[in-house]
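What follows is one structure encoded as structure tokens, with my remarks underneath.
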Amino acid sequence: MKKFTIPFSGLKQGNHSFAYTIGNEFFEAFDYNEFNTTSIEVKALLKKMSTMMELQITAKGSVNVDCDLTNEPYDQPITSELDLVVKFGEEYNDEDDEILIIPHGEHQINIAQYVFEMLVLAVPQKRVHPGVVDGTLKSELLDRLEELQPKEHKREEGNTDPRWDGLKNFLTDK
């Protein structure tokens, strides 16, 4: 995770860009194994000012996940953006999602945790294979679900189920 450490003390005031390529090893370092494979490009733009810094992190790529309905793997495209204000204070404080306070003596910042959370939250909670949505996916599981689906009994008008006819006696017009 050292490559996600930005040493800002030697940087001049102004904009500075950093680029990262995220693979499975990044998520394994956080002991997170929800993704089969990942291919994500992350860009961080650090705007250094005299009293504070602004960090804009953007990500674009895809993660290979298993469909929640069919368990078929598919590539889920993701895009995400995070804006973070970095201020200097007495002690480290990351309680606010958008403001990070670091001690006055610090000379670097590690953004790995912010990148991890941003990417995990970019993936939809319910993961549905695009083939399920448009009906093009063919799998054994979908065929089996189709077989087990309850059959609809079509009734003609006036032809009722005799088991329920007794309830009609309880209906009264007022």
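The values are calculated or read from the model by the stated rules, or taken from the named source; none is laboratory data. Please read these numbers as outputs of a predicted model, since none were measured by experiment. Glycine gets a Cβ as well: all are built from the backbone with ideal geometry, and neighbour counts include every protein chain shown.
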Problem - Candidates Phe8, Phe4 - the one that is more than 17 Å from Met118 (Cβ to Cβ) and aromatic (Phe, Trp, Tyr) - result: Phe8
Completion exercise
The residue that is surrounded by the fewest Cβ atoms within 10 Å (Cβ to Cβ), considering only those in segment 1-25 that are under 20 Å from the mean Cα position of the chain (by Cα) and free of Cβ contacts under 8 Å to residues at least 60 places away in the same chain, is Glu25
Practice task
Identify, from the list Glu81, Glu28, Glu41, Glu117, the residue that is closer than 18 Å to Met1 by Cα, under 18 Å from the mean Cα position of the chain (by Cα) and at pLDDT 95 or above.
Solution key: Glu41
Practice task
Would you please list the contacts, defined by Cβ atoms under 8 Å and residues six or more apart or on different chains, that run from a residue in segment 96-124 that is of a type in the set (A, V, I, L, M, F, W, C) to a residue that is surrounded by fewer than 16 Cβ atoms within 10 Å (Cβ to Cβ) and part of a helix (DSSP H, G or I)?
Solution key: Ala112/Ala29
Practice task
Go through segment 51-60 residue by residue and tally those that are within 14 Å of the chain's Cα centre (by Cα) and either crowded, with 20+ Cβ neighbours inside 10 Å or at pLDDT below 90 (or both).
Solution key: 1
Exercise for the section: Go over the candidates Leu69, Leu55 one by one and state the one that is in a strand (DSSP E or B) and over 15 Å from Leu121 (Cα atoms). Expected result: Leu55
Handout entry: Residues of segment 1-24 classified as outside any strand (DSSP E or B) and closer than 16 Å to Ala59 by Cβ, total
Key = 4
Completion exercise
The condition from (1) over 25 Å from Ile40 (Cβ atoms); (2) surrounded by fewer than 12 Cβ atoms within 10 Å (Cβ to Cβ) that Lys87 misses is numbered (2)
Handout entry: Candidate set: segment 40-50, residues that are in contact (Cβ under 8 Å) with a residue 24 or more places away in the chain and surrounded by 12 or more Cβ atoms within 10 Å (Cβ to Cβ); chosen: the one farthest from Asn110 (Cα to Cα)
Key = Ile40
